[in-house]
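I have placed the structure first, in the form of structure tokens, so that the comments after it can refer back to it.
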Amino acid sequence: MPARSATAADASAIAQIYNEGIADRIATFETRLRTPEDIRERLNSPQAAQHPALVVEEGGKVVAFAWSAPYSAREVYAGIGDHGVYVARAARGQGYGEAALRALMAAARLAGLHKLTSRVLTENTASRRLHIRCGFREVGVHQRHAQLDGVWRDVVTVEVLL
Ligand SMILES: CC(C)(COP(=O)(O)OP(=O)(O)OC[C@H]1O[C@@H](n2cnc3c(N)ncnc32)[C@H](O)[C@@H]1OP(=O)(O)O)[C@@H](O)C(=O)NCCC(=O)NCCS
């Protein structure tokens, strides 16, 4: 399951996969569905130079992606990536998430980042298992960190040193 850098031509596939994750209400606090243009803007933004975005393909079709974004605007935290990993609904549970996340870790290290971190909804068992399998540690739980559809939710912060 080789991964490669995402390009603007992947924007539609990435938007579709991301929107499935948004719709499932287990992956993110985001609720606004993304357009391919939103994704293209992110892939072409200045931050993309230090923050990789990768896709995994199967049979010529993008089935997963993983990407990093700046963790903070503060210069002292410039080496930290705030990452996400998403697999197409129909392709979950087959190792594509692991392939995407491991490729992101390698690319982020090459790009000079020293850490990846994210917050995972405590109920998101698949994501928590995936992160632990890839060497992340669970730092701790933020209680009532944000609301999703009006309900306060807890998240566990995960991190890996690269
Ligand atoms: C979370 C996600 C990225 C995992 O990717 P995946 O390709 O489905 O997972 P993998 O096949 O690589 O398996 C990774 C681990 O997750 C476990 N897993 C996968 N699907 C699972 C499920 N539905 N329930 C419980 N565990 C699951 C696997 O057993 C494996 O853990 P193990 O090594 O302890 O057995 C994917 O399911 C997904 O895109 N979910 C929706 C979006 C999301 O939640 N993104 C993460 C945001 S933090």
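The values are calculated or read from the model by the stated rules, or taken from the named source; none is laboratory data. Quick caveat, the model's predicted, so the values are computed rather than measured. Every residue, glycine as well, gets a Cβ built from its backbone with ideal geometry; the counts of neighbours run over all protein chains shown. These accessible areas exclude ligands, DNA and RNA; they are computed on the full protein's heavy atoms, side chains included. Shrake-Rupley method; radii C 1.70, N 1.55, O 1.52, S 1.80 Å.
Okay, here's what the table says:
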| read-out | value |
| --- | --- |
| Rounded accessible area per residue of the chain, 1.4 Å, Å² | 52 Å² |
| For the chain, built as a Gaussian network whose Cα springs stay under 10 Å, the top-fluctuating residue of Val141, Val56, Val120 | Val141 |
| DSSP bridge orientation in the chain - percent antiparallel, rounded to nearest 5 | 90 percent |
| Choice from Arg42, Arg32, Arg109 with maximal GNM fluctuation in the chain (Cα, 10 Å cutoff) | Arg32 |
| Helix runs (DSSP H) in the chain reaching 18 Å along axis by Cα, Kyte-Doolittle at least 0.0 | 11-24, 96-110 |
| Anisotropy class of the range 42-144 from Cα gyration tensor, a/c 1.5 cut | oblate |
| Within the range 119-142, backbone nitrogen closer than 12 Å to the virtual label 7 Å beyond the Cα of Tyr77 toward Cβ | 119 |
| Choice from Gly60, Gly81, Gly112 with maximal GNM fluctuation in the chain (Cα, 10 Å cutoff) | Gly60 |
| At q = 0.11, 0.19, 0.23 Å⁻¹, base-10 log of I(q)/I(0) for the range 1-98 (Debye sum, equal scatterers on each alpha carbon) | -0.31, -0.93, -1.29 |
